[in-house]
Amino acid sequence: MTPDLILTNGRVTTLDPTNPEAQAVAIAGGRIQAAGSERDVMPLAGSETRVVDLGGRRVIPGLNDSHTHLIRGGLYYNMELRWEGVPSLADALRMLKEQADRTPAPQWVRVVGGWSEFQFAERRMPTLEEINAAAPDTPVFILHLYGRALLNRAAITVLGFDRDTPNPPGGEIERDAVGNPTGLLIARPSALILYSTLAKGPKLPMDQQLNSTRHFMRELNRLGITSVIDAGGGGQNYPEDYEVIQRLHADGQMTVRVAYNLFAQKAGSELTDYERWIAITEPGAGDGMLRMNGAGENLTWSAADFENFLEPRPELAPVMERELEPIVEMLAANRWPFRIHATYDESIDRFLGVFERVNGRQPFQTRFIIDHAETISPRNIERIAALGGGIAIQHRMAFQGEYFIDRYGAEAAEATPPVARMLETGVPVGAGTDATRVASYNPWVSLYWLVTGKTLGGRRLYPQANRLDRREALRLWTEGSAWFSGESDVKGTLKPGAYADLVVLSADYLSVPEEEIRDITSVLTVLGGEVVHGSGDFRTLAPNLPPASPDWSPVNRFGGHWSKAPERPTLRTDRTCHDACATGCGLHGHAHQIAWTTPLPVDDRRAFWGALGCSCFFAG
């Protein structure tokens, strides 16, 4: 077969152990036809073959997020202002003010996950006073990790919160001295208060949800993601709430492959949910772009162990085993793969007790997944391996590591999760993000965390023994994740017969300094042999995408995850410094005015601010 596309003059990391490195890749019929030297691959070209010169850039298999929430996240992506990667709180507040000024009533400004105060130069949270000053009239909802949300006065008014509004179970509305809500919502420890409040905001109409999901997928393509496994979510009922993704699939407008799990919706009705779903669908239903992947991550609400390290570990209800066991037995009998949310070893221990009992009566004939597993013990890793399960890990500690250390100590944080031990045991491990409500969807933040062992704020969590080398970390994001949807034969490597899903990188992941890993993006993303993203030299290869709708969408002004890449929408603080100095700061580049105008001890341009890693005092 004559190739449709040949990529040449690249440094191709195939992750195929029989052919680990190549210079060129031939693609035919949406699959890898050959990977090898230019001398071997170029003779395959025909008169209709498109040949693209990669200019010596690094090429990797398409990245695969083994645990995320794309289907839900896509419905809201165009409505959300992103603080992900923004280097200073001053910039974040400027963005908030500008978006509030351009957001029409009755819409809200929402900052929903993906950031930590430790990423900011100021290394602090915004205050409610600052939020109200930035947005006095437009409702604002800012979600911070799993622990709290900040609302401005306009949002409090719209929601109808007052001194008589009761605290919901597991949550607290902070109040001032006379009992009025301040704007701070606190999860103690349940995030229900946060998510239920967010759900009261306006929603986009169907046509804009379709547009929003397309933009979210293209943002993931920009970061090198070609596949995800969607872990479902509360309020995401099947099949009603899958209409948007189904329509995009039917219209050929998906640019990310999605395998989705079905998440039990209503406490007390979980078994009924799965009885109904088993009657109308089955694992593998669909095709290579959209397919059903099994049950979870919520199997029963009594098994929810909230991952809020600002609060003590919750104890699962005594009824958990009694509610979980019949669900797992039914899934096993019907050969449904399943996954379960499990942050703490104490929870995992009880879950495995249920799984072992069921397996004794109804042997598992397909995979199961423990999700998260930050504090899992070696003993329970071995129990998972014995049952044939896998562990899906995410970079939640990159966002919450400082809080974990505050509560449990630095030594306890050294193996959260114990990735190296998992790999030594031989259990399948896949990497992901758990985006979008807390952690960022950016895979390069995760790869940075796996390789360096650091939080967003630069705190080293892990000793060398629990950090991965770059190729092993990449393997978890490709071949490792493919196991979790039963697609190891077609995903994760660039060997003949595999899906032609690959990424050409903005910088060489295998050789750039560690601190630059999280700034990597894709300059060319190929899905099934078709270009779905192109920038820089490859911009003309990218397919068209309508502007984000509605027109006031933050995506149209700020884009998605903040990036140093030049094609990102320009922020106010990205201007060239006024005096064109020759000294760029490692934190702010030439945007020295961030430091000079921020309420920190930097008013004197020559004063020392080195504790925050900023050298703006040398400029000017």
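Tabulated data
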{"read-out": "Leading residue at positive end of dipole, the chain (Cβ point charges), from Gln400, Leu210, Met292", "value": "Leu210"}
{"read-out": "Spread of Cα-to-Cα distances over 5 Å intervals beginning at zero, given as percent, for the range 242-284", "value": "5, 18, 21, 21, 17, 12, 6, 1"}
{"read-out": "Relative contact order (%) - the chain, alpha-carbon pairs under 8 angstrom, separation at least six", "value": "17"}
{"read-out": "Potential extension, Asp53-Ala317 segment - 0.36 nm per residue separation minus Cα distance", "value": "89.2 nm"}
{"read-out": "Stretchable slack from Trp552 to Asp469, in nm (0.36 nm times residue separation minus alpha-carbon distance)", "value": "25.6 nm"}
{"read-out": "Å³ per residue enclosed by the Cα convex hull of the range 131-199", "value": "81"}
{"read-out": "Kirkwood-based shape ratio for the range 407-492, expressed as Rg/Rh from alpha carbons", "value": "0.98"}
{"read-out": "Accessible area of the range 190-275 divided out per residue, in Å², using a probe of 1.4 angstrom", "value": "34"}
{"read-out": "Taking the range 152-242 and dividing mean pair separation by its residue count, relative contact order in percent (alpha carbons under 8 Å, at least six apart)", "value": "16"}
{"read-out": "Difference of contour (0.36 nm per residue) and Cα-Cα distance, Asp40 to Thr425", "value": "134.7 nm"}
{"read-out": "Spin-label pair Glu325/Arg357, simplified geometry with 7 Å Cα→Cβ offset, distance in nm", "value": "0.2"}
{"read-out": "Rounded to whole Hz, the Karplus (6.51, -1.76, 1.60) HN-Hα couplings of the range 507-516, x for glycine and proline", "value": "8, 7, 3, 7, 10, 5, x, 3, 5, 8"}
{"read-out": "Radius ratio Rg over Rh of the range 449-566, counting only Cα atoms, Kirkwood formula for Rh", "value": "1.01"}
{"read-out": "DSSP bridge orientation in the chain - percent antiparallel, rounded to nearest 5", "value": "50"}
{"read-out": "Listed pairs Lys97/Lys454; Lys203/Lys564; Lys97/Lys203; Lys454/Lys495; Lys200/Lys454; Lys454/Lys564 exceeding 29 Å between Cα atoms", "value": "Lys97/Lys454; Lys203/Lys564; Lys454/Lys495; Lys200/Lys454"}
{"read-out": "J(HN,Hα) series, the range 46-56, from Karplus relation 6.51 cos²θ - 1.76 cosθ + 1.60, nearest Hz, glycine and proline x", "value": "x, 5, 9, 6, 7, 10, 10, 7, 8, x, x"}
{"read-out": "Binned Cα-Cα distances of the chain, short to long, each 10 Å bin given as a whole percent", "value": "3, 16, 27, 28, 18, 6, 1, 0"}
{"read-out": "Distance histogram for the range 441-480 (every C-alpha pair counted, 10 angstrom bins, percent rounded to whole numbers)", "value": "33, 54, 13"}
{"read-out": "Residue-by-residue Karplus 3J(HN,Hα) for the range 550-559, coefficients 6.51, -1.76, 1.60, Hz, glycine and proline x", "value": "x, 5, 7, 3, x, 4, 5, 9, 10, x"}
{"read-out": "Sites Asn9 and Asp287 - FRET efficiency at Förster radius 30 Å, r taken between beta-carbons, to 0.05", "value": "0.35"}
{"read-out": "Mean ellipticity per residue at 222 nm, deg cm²/dmol - from DSSP H runs of n ≥ 4 across the chain, formula -39500 (n - 2.57)", "value": "-8000 deg cm²/dmol"}
{"read-out": "In range of the label at Asp489: residues from the range 310-342 whose backbone nitrogen is under 15 Å from the point 7 Å along Cα→Cβ", "value": "none"}
{"read-out": "Taking all pairs of distinct alpha-carbon atoms in the range 202-360, Kirkwood radius in angstrom", "value": "17.1"}
{"read-out": "For Arg50, distant residues with modelled amide H under 5 Å away", "value": "Leu5, Ile6"}
{"read-out": "Of every Cα-Cα pair in the range 348-419, the percent that sits beyond 19 Å", "value": "40"}
{"read-out": "Label-point separation, Leu192 to Gln246 (7 Å along Cα→Cβ), nm", "value": "2.9"}
{"read-out": "Rg(Cα)/(2.2 N^0.38 Å) for the range 139-277, N = residue count", "value": "1.28"}
{"read-out": "Computed label-point distance, nm, for sites Leu510 and Ala333 using a 7 Å Cα→Cβ extension", "value": "5.1"}
{"read-out": "Charge-dipole axis of the range 1-156 as Lys and Arg at +1 and Asp and Glu at -1 on Cβ define it, positive-most pick from Gly55, Gln33, Ala100", "value": "Ala100"}
{"read-out": "Equivalent ellipsoid semi-axes, the range 37-149, via Cα gyration tensor eigenvalues times 5, rooted, Å", "value": "43, 17, 15"}
{"read-out": "Heavy-atom accessible surface of the chain: percent carbon and sulfur, 1.4 Å", "value": "51"}
{"read-out": "Lys, Arg +1 and Asp, Glu -1 on Cβ, resulting dipole of the chain about Cα centre, debye, nearest 20", "value": "600"}
{"read-out": "Residues of the range 72-91 with amide N under 19 Å of a point placed 7 Å along Cα→Cβ from Gln107", "value": "73-84"}
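The values are calculated or read from the model by the stated rules, or taken from the named source; none is laboratory data. As the structure is a computational prediction, the values presented were derived from the model and not from experiment. Counting neighbours? That spans all protein chains shown, and the Cβs are built from the backbone with ideal geometry, glycine included. Ligands, DNA and RNA are stripped out before the accessible areas are found, and what is left, the full protein with its side chains, is counted by its heavy atoms. Shrake-Rupley method; radii C 1.70, N 1.55, O 1.52, S 1.80 Å.
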